[in-house]
Amino acid sequence: PAEDGTPLGPGWVARYKNPIGEENMMRALGQQATSETFPARVASLLGQLRAQGAESTLWSTVRHRERGYLMYGSFILSRAENRRQVHRRVRMLDRLNEAWKLGIPIHWRHPDGWRATVEEARRMRDAYPVVYATRSGAKRSRHYDGEAVDFTAVNLPRRLVLEAPGGARRTFDLSNPAEPRDVNLTPRLIRWIEKHFALKKLLFDYPHWNDRG
């Protein structure tokens with residue numbers, strides 16, 4: 001893990017860590033979730049997908065606010081294109097660190113210059129990994145309160161059967177060669193899961209689902 005005062009880089013990923021391993025992630029979700037049924041609904045969905053041969057991974061449940069800020073910072077700095085952008089974004093991140101009362105002892109500016117700052121931000125972003133990050137999400141992510149999960153499910157079977165907690169049941173024909181067979185990229189699957197598992201897909205964040213229960 002990065003020590004206090006260390007410049008940005010992958011070492012910061014090892015601080016403010018999420019629960020590691022699915023068992024610990026689900027335990028943390030059960031302790032933090034505002035809905036008592038949220039963990040069970042997630043577990044049911046993932047279990048059904050896996051039982052039918054899908055490659056399903058739970059990536060994140062409960063997250064520290066500090067981690068959300070670091071993910072956001074690495075993302076926006078990794079996309080900076082010149083010295084001026086780096087300078088502005090570093091100043092903004094320092095202000096947010098103070099305004100949000102996080103007290104994270106990171107130096108966002110790399111001593112070897114702005115290009116090194118961008119490169120270390122990219123390495124840090126990829127180590128999390130960060131697909132997409134916004135300032136509002138970093139400040140108020142539903143992960144902080146146990147109201148969101150990140151998961152992927154690919155290589156879905158060509159004939160997928162899902163049964164919702166309320167008893168609704170549907171068979172999805174995914175045999176067309178054009179089908180992505182990816183739960184996060186199949187609109188009719190997303191709509192059905194949203195309705196019957198009381199979840200909400202965040203469309204611009206590939207693995208992210210919010211609780212609606």
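The values are calculated or read from the model by the stated rules, or taken from the named source; none is laboratory data. Because the structure is predicted, anything quoted here is derived from the model rather than measured. Cβ: placed from backbone, ideal geometry, glycine included. Neighbour counts: every protein chain shown. Protein only, heavy atoms only, side chains kept; ligands, DNA and RNA dropped before computing areas. Shrake-Rupley method; radii C 1.70, N 1.55, O 1.52, S 1.80 Å.
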How many percent of the accessible area of the chain is carbon or sulfur, using a 1.4 Å probe?
48
Sequence-distant lysines (8 or more away, or on other chains) whose Cα lies within less than 19 Å of LYS139:
LYS17, LYS101
Taking the chain as a Gaussian network, Cα atoms linked when under 10 Å apart, which of TRP100, TRP12, TRP192 shows the biggest mean-square fluctuation?
TRP100
Distance between modelled label sites at THR134 and LYS195, nm, 7 Å Cα→Cβ extension:
2.6
What are the aspartates and glutamates whose alpha-carbon lies under 14 Å from the alpha-carbon of LYS195, with same-chain residues fewer than 8 places away excluded?
GLU163, ASP211
Candidates MET26, MET124, MET92, ranked by Gaussian network fluctuation over the chain, Cα under 10 Å, top entry
MET92
Size of charge dipole - the chain - debye, nearest 20, with Cβ of Lys, Arg +1 and Asp, Glu -1, no other charges
680
Candidates THR57, THR186, THR171; GNM for the chain (alpha-carbon contacts under 10 Å) flags as most fluctuating THR171
Listed residues ALA153, SER136, SER175: farthest to the positive end of the dipole of the range 101-200 (Cβ charges)
SER136
Let's see if you can work this out: charge +1 on each Lys and Arg Cβ, -1 on each Asp and Glu Cβ, no other charges. What is the dipole magnitude of the range 109-213 about its Cα centre, in debye to the nearest 20?
300
Projected onto the charge dipole of the range 66-106 (unit charges on the beta-carbon of Lys, Arg, Asp and Glu, signs +1, +1, -1, -1), the Cα from PRO105, HIS87, TYR69 with the largest positive-side position is that of HIS87
Sites ARG169 and ARG212, calculated FRET efficiency, Cβ-Cβ separation with R0 25 Å, nearest 0.05:
0.80
Keeping every protein chain present and rolling a 1.4 Å probe, give me the accessible area per residue for the range 1-139 in Å².
54
To the nearest 20 Debye, how big is the dipole of the range 1-126 about its Cα centre, given +1 on the beta carbon of each Lys and Arg and -1 on that of each Asp and Glu?
520
State, to one decimal in nm, how far the label point of ARG91 lies from the label point of GLU22, with both points 7 Å from Cα in the Cβ direction.
4.7
Normalised by the number of residues in the chain, what is the relative contact order in percent for Cα pairs under 8 Å and 6+ residues apart?
26
